[in-house]
1. Once every DSSP H run of n ≥ 4 in the chain is given -39500 (n - 2.57) and the sum is divided by its residues, what mean residue ellipticity at 222 nm do you get, rounded to the nearest 500 deg cm²/dmol?
2. If one takes the longest principal axis of the Cα atoms in the chain, at what angle in degrees, from 0 to 90 and to the nearest 10, does the Cα axis of helix 58-72 lie?
3. Which whole-number percentage describes the relative contact order of the chain, with Cα contacts under 8 Å and a sequence gap of 6 or more?
4. Compute the FRET efficiency between A15 and T84 as 1/(1 + (r/R0)^6), taking r as their Cβ-Cβ distance and R0 = 41 Å, and round to the nearest 0.05.
5. Can you give me the long-range amide H partners of L74? Hydrogens built in the peptide plane at 1.01 Å from N, cutoff under 5 Å, separation of 5 or more residues or another chain.
6. What are the semi-axes of the equivalent ellipsoid for the chain, taken as the square roots of 5 times the Cα gyration tensor eigenvalues, largest first, in whole Å?
7. Fewest first, what order do V29, V66 take by the number of other Cβ atoms within 10 Å?
8. Mind giving me the nanometre distance, one decimal, between the label points for Y114 and V77, set 7 Å out from Cα along Cα→Cβ?
Amino acid sequence: MTGNAKGVAGWRIVAAVAILGILAFVLAVCSPYYFRNMKLQSFVAGLTRGAEVHQQSDTGIRSTVVEKAEQLGLPVVADNVRITREQDGTVKKIDVRYMVPIDFPGYTVKLHFYPGAGSR
């Protein structure tokens with residue numbers, strides 16, 4: 001057996017626990033936004049499958065998506081919602097692009113999300 005007969009040095013255990021603690025903290029802060037984004041993605045997919053969306057104006061669809069995002073606590077504005085229509089006026093796809101800044105001590109993480117649905 002080589003090295004320290006007592007096993008792993010105490011500072012290494014402390015460092016490992018600190019790193020795991022930091023990772024757990026980052027996960028706890030960021031993961032709610034990923035789950036909310038999944039809910040928004042599901043909502044947008046449901047919109048594109050519904051027949052009533054084809055009768056709505058682009059402004060109405062944007063308002064619906066922005067309202068849902070507000071309910072979920074996501075920073076989506078009307079300019080973040082893009083609607084593509086077929087030549088006959090039916091909705092081809094709805095794309096939502098937005099960013100969530102998260103401030104950590106000494107660093108800001110910008111989470112970028114791109115939920116969308118429709119034919120690609």
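No value in this document is a laboratory result; all are computed from the given coordinates. Just so you know, these numbers come straight off a predicted model, no measurement behind them. Backbone-built Cβ (ideal geometry, glycine too); neighbour counts: all protein chains shown.
1. -16500 deg cm²/dmol
2. Roughly 30 degrees, rounded to the nearest 10.
3. On the way: 123 pairs, mean separation 26.6, N = 120.
Normalised by residue count, the contact order of the chain is 22 percent.
4. Values: r = 50 Å, r/R0 = 1.23.
Between A15 and T84 the formula returns 0.25.
5. Answer set, sorted by chain and number: none.
6. Output for the chain: semi-axes of 46, 14, 10 Å.
7. Arranged by neighbour count, lowest to highest, V29, V66 become V29, V66.
8. 2.2
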